[in-house]
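Below is one structure, written out as C-alpha cells; comments come after it.
The values are calculated or read from the model by the stated rules, or taken from the named source; none is laboratory data. In this text, all values refer to a predicted model and were calculated from it rather than measured experimentally. Cβ placement follows ideal geometry from the backbone for every residue including glycine, while neighbour counts extend to all protein chains displayed.
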Amino acid sequence: MNNNDVLHFCIDEIKRETNTAATFFLKNVNGKALEYKAGQFLTLLVKQGDKIVRRSYSICTTPGIEQNIAITIKRKINGSISRYLLDHLHKGDIISSLAPAGRFLLTTGFSKQRDIFLLAAGSGITPVFSLLKKILTEEPLSHVTLLYSNSNEESIIYKNSLDKLSHEHAKEFQCIHIISDPGNKIPGAITGHLNNQLLGELIFSGLQFDPGKAVFMLCGPTAYMRMAQLTLLFMGFTISQIRKENFVVPEEHPGLYLPLVNNTHPFTLHYNRQIYKLETQPQQTILDAALQQHIQLPYSCKGGVCGTCTANCRQGKIVMSYNEVLTDDDIKSGLILTCTGYILSPDAEITFNKS
Ligand SMILES: Cc1cc2nc3c(=O)[nH]c(=O)nc-3n(C[C@H](O)[C@H](O)[C@H](O)COP(=O)(O)OP(=O)(O)OC[C@H]3O[C@@H](n4cnc5c(N)ncnc54)[C@H](O)[C@@H]3O)c2cc1C
Ligand code: FES
C-alpha cells in the first residue's frame, strides 16, 4: 500500500459502553479533519506478528455534527482481532487504517419528509447511530423509527444517548428496544425476537408518510437481515428502498458463484494517477491480479461484503462471484467489486475514485 493512503490516528479517549464493547475516540495525527460520510467505516490495519490483518469498524460519530471521530468495537467470543484491540489499545496509542469506505449511506435527492426505519441488532447499531444523528439534524420533517434488538439491557450500546435523543426529538424519533431475555424490564421495550409478523406490525404502526418514499437501513446478523428484507419485499416495499450493512464475512458464501474464466485477460488499471497494463490469470480476481504486481489497491474483507475495494469499470465485461454491497443501480452505473470481480473480455478498463 502506498503509505500516503494509510491514515494514522491517536486514541484520544476510550469509553466503555457495555461489558463487551468500547468506543475509541480518534484524532487524526496529521491534525486534519477526516472526510467521511455517515454510515461509513474505517478498516484498521492491525499488526499480528509479521502480518498486517485488516478489520473494518463503522464510524459511530457523524460528520458536521461531532468534531471527534469514533469507532465502537464489540468483543467477539474467540474473535482474534476484536479481543486483541479491546485488551491492548490504550489512550495515546497510534492506530492505522485505510480511508473511510462503505456504501451504507442515506439516499439524497429525496423529499425531505419521509419515514426512515433503522433496524439494528447488537453492534449493528454503530453505523445506524451515525445515520440517526444525521437524520435528526438534517431532516427535521422526516420521522425515524429505530428497532434495536439486544439480548438484555446490559448489552445495549449507546443506551443513554438513545434515551436522550428520544427525549429531545420525541415527535420525530421513536426508539423501540426489542429484548430477547424473558426477564426484560425496560419500560416500553418489546420482549422477544424480531420476526416477520412483529416487523410488519411495527412498520404499519410507525408509517406516517408515503410508503413509497420510506427508507430501510438494516445492520445485524445475516439471518436477521435476510428475514427483514424478505418481510419488507413481501409487504410491497422495493429493493431500492432497502440498504444493508453486513459485518460478517462468511468463510464460504452460500451463493458463491465462481465463473468459468479459462483465459488470461489483459486490462488497464487507473490508480493513484498511474496507469498500469495488467492481466488476470484464469480464475483470478482483479484485486488479486493487482496485488500480485504489488499494486496495493484498497481492500478489507476480500469477500464481497464491505465495499472497500469498489472501483469503476469504464469499459469491458466483468462478473462478480459475490456481491452484498452494490445495488442494481450501482452496477448499472459501472461500479464493481474488485475482490470478487473477474474479467470476461480483453479490453477492460478499471478506475478508482482518486485515479
Ligand atoms: C463493513 C463492516 C463494518 C463493521 N463494523 C463493526 C463495528 O462497528 N463494530 C464491531 O464490533 N464490528 C464491526 N465489524 C466486524 C469486525 O470487522 C470484525 O469482523 C469483528 O470485530 C470480529 O473480528 P475478530 O478478528 O475478532 O473475529 P474472527 O472470528 O477472528 O474474525 C472474523 C472473521 O471474518 C474474517 N475476516 C477477514 N477479513 C476480515 C475483515 N477485513 N473484516 C472482518 N472480518 C474479516 C476472518 O477471517 C474471520 O473469519 C464490521 C465488519 C464489516 C465488514
Ligand atoms: S474487499 Fe470487501 S467487498 Fe471487496
Legend entry - Count - residues of segment 319-355 that are of a type in the set (F, W, Y) and more than 20 Å from the chain's Cα centre (by Cα): 1
Inset, instruction - Mind listing whichever residues of segment 36-59 are more than 16 Å from ligand 2 (Cβ to nearest atom) and crowded, with 23+ Cβ neighbours inside 10 Å? - result: A38, I59
Inset, instruction - Kindly provide the set of residues from segment 167-191 that are outside any helix (DSSP H, G or I) and exposed (fewer than 14 other Cβ atoms within 10 Å of the Cβ), ordered by number. - result: A170, K171, P182, G183, K185, P187, G188
Legend entry - Search result, residues across segment 298-322 that are among the small types (G, A, S), in contact with a Ser or Thr (Cβ under 6 Å, 6 or more places away or on another chain) and within 11 Å of ligand 1 (Cβ to nearest atom): S300, G304
Inset, instruction - Taking only segment 30-45 into account, find how many residues are at pLDDT below 95 and in contact with a strand residue (DSSP E or B) (Cβ under 7 Å, 6 or more places away or on another chain). - result: 1
Inset, instruction - Go through segment 310-354 and give me each residue that's aliphatic (A, V, I, L, M) and farther than 24 Å from R273 by Cβ. - result: V319, M320, V325, L326, I331, L344
Inset, instruction - Considering only residues that are among the polar types (S, T, N, Q), surrounded by fewer than 21 Cβ atoms within 10 Å (Cβ to Cβ) and over 21 Å from S240 (Cα atoms), look in segment 293-332 and name the one that is nearest to ligand 2 (Cβ to nearest atom). - result: S321
Inset, instruction - Counting only residues that are under 18 Å from the mean Cα position of the chain (by Cα), more than 16 Å from ligand 2 (Cβ to nearest atom) and farther than 30 Å from N30 by Cα, give me the strands (runs of 3 or more DSSP E) lying completely in segment 60-164 with at least 3 of them. - result: 115-121, 143-150
Inset, instruction - Go over the candidates L232, L207 one by one and state the one that is touching a helix residue (DSSP H, G or I) at 6+ places or on another chain (Cβ under 9 Å) and modelled with pLDDT of 95 or more. - result: L232
Inset, instruction - Those residues that are more than 10 Å from ligand 1 (Cβ to nearest atom) and touching a residue at least 24 places away in the same chain (Cβ under 8 Å), I need them from segment 49-62; list them, please. - result: T61, T62
Inset, instruction - Could you look through segment 67-89, keep only residues that are of a type in the set (G, A, S) and either more than 15 Å from F9 (Cβ to Cβ) or near ligand 1 (Cβ under 6 Å from one of its atoms) (or both), and pick out the one that is modelled with the highest pLDDT? - result: S82
Inset, instruction - Find all pairs meeting these conditions: Cβ atoms under 6 angstrom apart; at least six residues apart or on different chains; first residue within segment 119-148 and surrounded by fewer than 23 Cβ atoms within 10 Å (Cβ to Cβ); second residue of a type in the set (D, E). - result: H143/D115; H143/E172
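Okay, residues lined up against (1) within 30 Å of T327 (Cβ to Cβ); (2) acidic (D, E); (3) near ligand 1 (Cβ under 9 Å from one of its atoms); (4) in contact with a strand residue (DSSP E or B) (Cβ under 7 Å, 6 or more places away or on another chain):
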{"position": "A22", "(1), (2), (3), (4)": "no, no, no, yes"}
{"position": "K47", "(1), (2), (3), (4)": "no, no, no, no"}
{"position": "G64", "(1), (2), (3), (4)": "yes, no, no, no"}
{"position": "S96", "(1), (2), (3), (4)": "no, no, no, yes"}
